[in-house]
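Trainee: Can you keep this structure in mind? I'll have questions shortly.
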Amino acid sequence: MRYRWAVLAAPALVAGCAAVSAPWSEVTGERYNLAIENRRSVAIVSVGSTTGWARPQALTVDPGRQRVVVESHGQGSFRVGRVRELELDVAPCRRYYVNAQFDDPVSSDFRPVVDHVESIPGCGTPRG
């Protein structure tokens with residue numbers, strides 16, 4: 001009986017290891033550059049078909065051309081954020097910091113910007 005479970009579990013373990021070693025990318029709404037005026041963090045709504053609502057950590061996505069939808073946080077007298085989108089060519093093994101760039105400190109209108117791109121350490125290398 002124990003051997004039967006071992007035989008059934010082995011393919012799942014091998015498939016799990018293969019998924020971990022594949023190159024991936026990440027998109028986060030956290031700020032990277034804190035000194036840029038009128039730049040704010042955002043909530044990542046979705047990247048392609050992957051949703052990110054209420055996720056404080058970076059969203060893991062497949063590399064390639066992706067539609068990124070973000071929502072700003074309330075600013076000034078505006079309590080509710082606005083939703084915007086951008087097209088992004090996501091390279092493998094890169095983390096993208098997407099933020100909101102406001103024209104001034106009281107406006108609710110913004111444009112989404114890529115604040116910073118960095119390499120993900122250990123991405124694409126087999127873990128073992």
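Trainee: Do you know which of the residues in the range 95-119 that are of a type in the set (Gly, Ala, Ser) and under 17 Å from the mean Cα position of the chain (by Cα) is farthest from SER41 (Cα to Cα)?
Mentor: The first filter runs over the range 95-119 and keeps only residues of a type in the set (Gly, Ala, Ser), leaving 100, 107-108, 119.
This time we only want the ones that are under 17 Å from the mean Cα position of the chain (by Cα), so: 100, 119.
Details: ALA100: 6, SER119: 20 Å.
The residue in question is SER119.
Trainee: Does the range 56-94 hold any residues that are under 20 Å from VAL113 (Cβ atoms), modelled with pLDDT under 90 and under 11 Å from the mean Cα position of the chain (by Cα), and which are they?
Mentor: Passing the criteria: only ALA58.
Trainee: Related question: What are the pairs, 6+ residues apart or on separate chains, where a residue within the range 73-89 that is aromatic (Phe, Trp, Tyr) has its Cβ under 6 Å from a residue that is at pLDDT below 95?
Mentor: Note: pairs meeting the criteria are PHE78/SER108.
Trainee: Related question: Would you pick out the residues in the range 25-47 that are free of Cβ contacts under 8 Å to residues at least 60 places away in the same chain, crowded, with 17+ Cβ neighbours inside 10 Å and among the small types (Gly, Ala, Ser)?
Mentor: SER41, ALA43, SER46
The values are calculated or read from the model by the stated rules, or taken from the named source; none is laboratory data. Values in this document were obtained by computation on a predicted structure and should not be read as measured data. When we count neighbours, we look across all protein chains shown, and the Cβ atoms used for this are built from the backbone with ideal geometry, even at glycine.
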